[in-house]
């Protein structure tokens, strides 16, 4: 996916997460969307920094980089949701794009992806982005509402909201 697709994905996810956590459209819903939007968008854009240097879909599109961003909130209090953007960038590139990403770079150059993806220049790229985003939101909804051992208040605490 291209930059526009990743920003669209991140914006839709931010609104969706706010609505899933606070479905009654209260003031807290808007605050949650605002709180998660910037870090998610920044995280969604970060992996493509490797287009300027390094090897695209390898240098910053791998599991070690995701692990760094997962650890980020433990060392820095700000931007604690940036890992969500990085993770969803990976999901969009693996599921929505024909090319995939190199999960195990620098140990291996092989790129992994689903055969169902489209090229970034495809007229279907935006539609695929929306479908992948809906699947991601469905996964978040399942974690929040369907897993019996996880309740909504616990999830809010876990996410720091």
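The values are calculated or read from the model by the stated rules, or taken from the named source; none is laboratory data. This one's a predicted model, so the numbers in the text were calculated from it and none came from an experiment. Reconstructed Cβ throughout: ideal geometry from the backbone, glycine too, with neighbour counts over all protein chains shown.
The set of residues from the stretch 41-57 being in a helix (DSSP H, G or I), in contact (Cβ under 8 Å) with a residue 40 or more places away in the chain and more than 12 Å from the chain's Cα centre (by Cα) comprises just one member, 48.
Screening residue 60 against (1) assigned to a loop (DSSP other than H, G, I, E, B); (2) free of Cβ contacts under 8 Å to residues at least 24 places away in the same chain; (3) more than 15 Å from the chain's Cα centre (by Cα) leaves a single unmet condition, (3).
Yes/no per residue for (1) touching a strand residue (DSSP E or B) at 6+ places or on another chain (Cβ under 8 Å); (2) at pLDDT 90 or above; (3) surrounded by 12 or more Cβ atoms within 10 Å (Cβ to Cβ); (4) over 16 Å from residue 7 (Cα atoms):
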site: 27; (1), (2), (3), (4): no, no, no, yes
site: 32; (1), (2), (3), (4): no, no, yes, yes
site: 45; (1), (2), (3), (4): no, yes, yes, no
site: 52; (1), (2), (3), (4): no, no, no, yes
site: 81; (1), (2), (3), (4): no, no, yes, no
site: 92; (1), (2), (3), (4): no, yes, yes, no
site: 96; (1), (2), (3), (4): yes, no, yes, no
site: 117; (1), (2), (3), (4): yes, no, yes, yes
site: 132; (1), (2), (3), (4): no, yes, yes, no
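Residue count for the stretch 85-127 satisfying the condition of being in contact (Cβ under 8 Å) with a residue 60 or more places away in the chain and closer than 22 Å to residue 139 by Cβ: 9.
Scanning the stretch 19-30 for residues that are assigned to a helix (DSSP H, G or I) and farther than 16 Å from residue 157 by Cβ gives 19, 27, 29, 30.
Residues of the stretch 1-18 that are in contact with a helix residue (DSSP H, G or I) (Cβ under 6 Å, 6 or more places away or on another chain) and not in a helix (DSSP H, G or I): 1 alone.
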